[in-house]
Structures are given as structure tokens and as C-alpha cells.
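Enquirer: Would you mind keeping the following structure in view while I ask a few things?
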Amino acid sequence: MTRTMTVRIGRDGLPVRESGPWAHGKLYYAGRYFTIFNGGMKKKWPRRGYIDLLAGPGRCAIEGTDEEFDGSPLIALATEPPFERAVFVESDPDLADALQQRTVAAEGRRVIIPADCNAPATVARIRQEIDSGMLAVCFVDLLGFACSIGVGLVCKVGQARRWRSGRAISVPW
């Protein structure tokens, strides 16, 4: 995958991903979806997971401004009711390290995989981390990437499992 995004140092001294002004609203609605998903499914699926295939550093900034806001990993970890397990995949070592530092409080329920999400070993690790008794949301935000990640990769992650579909794909693990 080729990155085309810009990264700068945020207020906390760690990298943040620069985004356009639309990103804040997009992530707001993703967070609402996570809350509705967890609230609506908690009785039928008491164990729910979250997978972010292009996690980034966990924080974003609007290009040309000082405005910073939480990215999808931090939004997912703050969701109530909570996800039992969160798996974040990030191929850039510096961004994975920033995400590690920003999510240390959730260490017991999150794992960061510093690898290419397309690699077979990464797919196997994700499947290992989200067990077969979980319903999982797989979030894929292509912001900053000159690549194509389609349903094919998500199907590999959830292979041999039933699907719920939508903009964010919910996968009964």
C-alpha cells in the first residue's frame, strides 16, 4: 500500500493524521454507528469485537488548522456499551507506536498489529484475536491510501462466517 497522507506532530507530542474537514463528521457518524451497534446487539451477542484495518495513530487534525480530534481507534474504545476486544492494524511503525501510547489504558482489551492488513499472517492474527463467539465490526477507512481494499480482504478476515452487511461491516465471528 502506498500512503499519500500527511502526518504531523500533535499537541500530545505524538503523530496525528491530517484530514480534510469532512473527516470529523465522518468519524462522528462512525462513532454513532458503533454505539447503536453495541447497544442493539448486546443481548443477542454479548461478546462484540472491533477490527480497524487501517488504524493510523488514533488522532486526526484538520489540514491547515490546529483542530485535532479522536480517530476511529479511540472512538471505538470509548464506545458504550464497550467492545470486548479491539484489533487495530497499522503498517507504519511510528503510527502503530503512537496508537500504542494513546491506548495504553485499554491494554487489556485491545491489540495492535504492526503489519500490512493484506498480509495472510495479519489476517490469521486478526482471526485469532477475534474468536468465533463474537460479533465484530470491521472498519476500513481508506483515507490517506492509494490502494484498493475491498470486500475481498474483509471476506478473508471473516472467512467461513455468516455476515451482516452495511457501510461498516458487522461480522459474527
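Values in this text are rule-based calculations from the coordinates and carry no lab data. These numbers come from a predicted model, not from an experiment. Here the Cβ is made from the backbone with ideal geometry for all residues, glycine too, and neighbour counts use every protein chain on show.
Enquirer: At 7 Å along Cα-to-Cβ for each site, give me the label-to-label distance between residue 111 and residue 131 in nm.
Expert: About 1.2 nm separates the two model spin labels.
Enquirer: Quick one: Kirkwood hydrodynamic radius for the stretch 51-111, alpha-carbon pairs, angstrom, one decimal? Don't skip to the end; give the middle numbers.
Expert: Details: mean 1/r = 0.0841 Å⁻¹.
For the stretch 51-111, inverting the mean 1/r across all distinct Cα pairs yields 11.9 Å.
Enquirer: Along Cα→Cβ, 7 Å out, is where each label goes; now give me the distance between the ones at residue 47 and residue 65 in nm to one decimal.
Expert: My value for the distance between the label points is 4.2 nm.
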